[in-house]
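> Okay, here's the structure, questions in a sec.
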Amino acid sequence: MSKAAAVLAALSASAAAVKPIHSHNDYTRETPLMTALDLGIVSVEADIWWRDEKLLVGHTLFDLDDSKTLDSLYIQPILAIINGSMESPTTISKDSQLQLLIDFKTDGGDTYQPLIDALEPLRTGGYLTTYTGGALQQGAVTVVGTGNTPLESVVAADPRDFFYDANILSLYSTKPADGQEWGPEIAPLASCDYSKVSGVGDDQMKELVQGAHDFNIKTRFWNTDDNTDTWNKFWDAGSDWVNADDLAGISEAWDARSA
Ligand SMILES: *[C@@H]1O[C@H](CO)[C@@H](O)[C@H](O)[C@H]1NC(C)=O
């Protein structure tokens, strides 16, 4: 390849759309975060537990290990990739953003402040997407809480740099708080337990996605099977993110589809 062709190829690769893939239970991979980034996947999820004054990452109580904290598995590696001390084929910057989904496994009230504190190095660096003064400023990293995340604490935060994973199915029937509307300044993401809608047809799937998009909110389906037919169903519906545990499999399916 000539030098000019190589530059053009690199430019078009960097301009490529974000892969609509979300790394579910990301911390269970051999190298959390990096397995996803190696495949160009920029949405990852960590389950957190507030135990013994530490924010531990793991799937169940039995998997917890004092050395596996949110800081050691995610915050420090993210900082190292941003500052260039750790190599990654996918960079993390304002132009190449990472979505970090945090699934609260322990009580929302107990876990909220430790999580906010744990984000401090990213906050100090100016890397967090932040809502302040009525404006949403995109940062290199958008942190979204799911599971037991307390909505009222997210809504009350000002400035706000930790967001909420809303429920696709209740965007039209609920409000985040009195006098407030759902939108990306509270919930950049809304999710849906697929088992609750698995009987719906393709058109209704599209409507679910479009319904969230009408609020400028991106969508994710969870509790799904890891196979190409299922993934295609969500991509056909236009979902921004599709949950997967089999990252290699879904990457191949996406590459085949978008080739
Ligand atoms: C980059 O960030 C990592 C993680 O916080 C840190 O250990 C390292 O010292 C930083 N390196 C530079 C060059 O700033």
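> Exactly one of (1) within 15 Å of the ligand (Cβ to nearest atom); (2) among the small types (Gly, Ala, Ser); (3) open to solvent by 10 Å² or more (accessible area, probe 1.4 Å) is unmet by Ala140. Its number?
(3)
> Determine which member of the set Trp254, Trp231 is open to solvent by less than 60 Å² (accessible area, probe 1.4 Å), in a helix (DSSP H, G or I) and either under 19 Å from Thr146 (Cα atoms) or at pLDDT 95 or above (or both).
Details: Trp231 fails: either under 19 Å from Thr146 (Cα atoms) or at pLDDT 95 or above (or both).
So the residue among Trp254, Trp231 that is open to solvent by less than 60 Å² (accessible area, probe 1.4 Å), in a helix (DSSP H, G or I) and either under 19 Å from Thr146 (Cα atoms) or at pLDDT 95 or above (or both) is Trp254.
> Suppose the filter is modelled with pLDDT of 95 or more, part of a strand (DSSP E or B) and away from the ligand (no atom under 15 Å from the Cβ); does Ala177 pass it?
Numbers: modelled with pLDDT of 95 or more: yes; part of a strand (DSSP E or B): no; away from the ligand (no atom under 15 Å from the Cβ): yes.
No.
> Residues in region 161-198 that are aromatic (Phe, Trp, Tyr) and open to solvent by 60 Å² or more (accessible area, probe 1.4 Å): how many? Full working, then the answer.
So in region 161-198, the residues aromatic (Phe, Trp, Tyr) come out as 162-164, 172, 182, 194.
With open to solvent by 60 Å² or more (accessible area, probe 1.4 Å) added as a condition, the list becomes 172.
Qualifying residue count for the region: 1.
> Search region 72-87 for residues that are farther than 21 Å from Lys54 by Cα and pair each with any residue that is near the ligand (Cβ under 9 Å from one of its atoms) and open to solvent by 50 Å² or more (accessible area, probe 1.4 Å) when their beta-carbon atoms are under 8 Å apart and the residues are at least 6 apart or on different chains.
Correct list of pairs: Ala80/Met86.
> While we're on this one: On the given criteria, is Gly126 small (Gly, Ala, Ser) and either surrounded by fewer than 21 Cβ atoms within 10 Å (Cβ to Cβ) or in a helix (DSSP H, G or I) (or both)?
Details: small (Gly, Ala, Ser): yes; either surrounded by fewer than 21 Cβ atoms within 10 Å (Cβ to Cβ) or in a helix (DSSP H, G or I) (or both): yes.
It is true that Gly126 is small (Gly, Ala, Ser) and either surrounded by fewer than 21 Cβ atoms within 10 Å (Cβ to Cβ) or in a helix (DSSP H, G or I) (or both).
> If I filter region 57-72 for residues that are among the β-branched types (Val, Ile, Thr), open to solvent by less than 50 Å² (accessible area, probe 1.4 Å), within 19 Å of the chain's Cα centre (by Cα) and more than 16 Å from the ligand (Cβ to nearest atom), do I get at least one hit?
Checked region 57-72: at least one residue is among the β-branched types (Val, Ile, Thr), open to solvent by less than 50 Å² (accessible area, probe 1.4 Å), within 19 Å of the chain's Cα centre (by Cα) and more than 16 Å from the ligand (Cβ to nearest atom).
> Can Val155 be described as within 15 Å of the ligand (Cβ to nearest atom) and among the β-branched types (Val, Ile, Thr)?
Details: within 15 Å of the ligand (Cβ to nearest atom): no; among the β-branched types (Val, Ile, Thr): yes.
No: the conditions fail for Val155.
The values are calculated or read from the model by the stated rules, or taken from the named source; none is laboratory data. None of these values were measured; they are calculated from a predicted model. As a convention, Cβ positions derive from the backbone with ideal geometry for all residues, glycine included, and neighbour counts pool all protein chains shown. Heads up: the accessible areas ignore ligands, DNA and RNA and are worked out on the full protein's heavy atoms, side chains in. Shrake-Rupley method; radii C 1.70, N 1.55, O 1.52, S 1.80 Å.
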